[in-house]
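Below is one structure; the comments refer to it alone.
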Amino acid sequence: RPEREFSMRALRNFNIPKIVHDDLPIFMGLIGDLFPALDVPRKRDLKFKEEVKRAALDLKLQSKDAFILKVVQLKELFEVHNSVFIVGNAGTGKSQIRKTLNRMYINHKRRSVAIDLDPKGVTNNELFGFMNPATRE
């Protein structure tokens, strides 16, 4: 049972931040099919949420629950990835979510590096790197 709970939580928490809101019920249905009668609550870090709310207020932003959840999800993604692409329509809060997480790190004297790129300003090879098939470099 603990292995099933761990697997379910890992699949859910790893994928939910990447899923469009409209597709969330479909994804949760798939999780329910894979893990019937298993409902593992989301791990809550109330202290971290309060720190994020404080950082949002420092930036003169409203600390709505949906916004705070996105900041928490971004932090969770950074726990398993070295870099993250934040994509979405204009005006949906992408920059503010990143800035809020960055402010929270600054408040705790942690170093954070964020680089904004215009995807039209760099080639795919510059963005992702490439390997020369002849030299394997």
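No value in this document is a laboratory result; all are computed from the given coordinates. Small disclaimer: the values here were computed from a predicted structure and weren't measured. With ideal geometry, Cβ positions are generated from the backbone for all residues, glycine too; neighbour counts draw on all protein chains shown.
Taking the Cβ of each residue in Lys109, Lys99 as the centre, tally the other Cβ atoms inside 10 Å and list the residues starting with the fewest.
Result, fewest neighbours first: Lys109, Lys99.
Calculate one ³J(HN,Hα) per residue across region 52-68 by plugging θ = phi - 60° into the Karplus curve 6.51 cos²θ - 1.76 cosθ + 1.60, and present them in order as whole Hz with x for glycine and proline.
Ordered by residue, 3J(HN,Hα) equals 5, 4, 5, 5, 4, 5, 4, 8, 6, 10, 7, 9, 6, 4, 5, 5, 4 Hz.
Could you list Leu24, Leu11, Leu101, Leu46 in order of exposure, starting from the residue whose Cβ has the fewest other Cβ atoms within 10 Å?
If I rank by nearby Cβ atoms, fewest first, I get Leu46, Leu24, Leu11, Leu101.
Which label marks the calculated value of Cα extents along the principal axes in Å, given the options [x] 37, 34, 24; [y] 51, 45, 29; [z] 59, 33, 26?
Among [x] 37, 34, 24; [y] 51, 45, 29; [z] 59, 33, 26, the one derived from this structure is [y].
So what are region 44-120's ellipsoid semi-axes, whole angstrom, largest first, if each one is the square root of 5 times an eigenvalue of the alpha-carbon gyration tensor?
Values for region 44-120, descending: 19, 15, 12 Å.
Would you mind ranking Phe6, Phe14 by Cβ crowding within 10 Å, fewest neighbours first?
With the fewest neighbours first, Phe6, Phe14 line up as Phe6, Phe14.
Between region 55-100 and region 17-49, what's the alpha-carbon centroid distance in Å?
18
Please compute the contact order of the chain in relative form: average sequence separation of alpha-carbon pairs under 8 Å and at least six residues apart, divided by the residue count, as a percent.
Once normalised by length, the contact order is 21 percent.
Could you give me the ³J(HN,Hα) list for region 118-132, computed from phi with Karplus coefficients 6.51, -1.76, 1.60 and θ = phi - 60°, whole Hz, x at Gly and Pro?
8, x, 7, x, 9, 7, 4, 5, 5, 6, 9, x, 7, 10, 6
Per the Cauchy relation, a quarter of the hull surface: what is the mean projected area of the convex hull of the alpha carbons in region 1-42, in nm²?
Its average projected convex-hull area is 2.8 nm².
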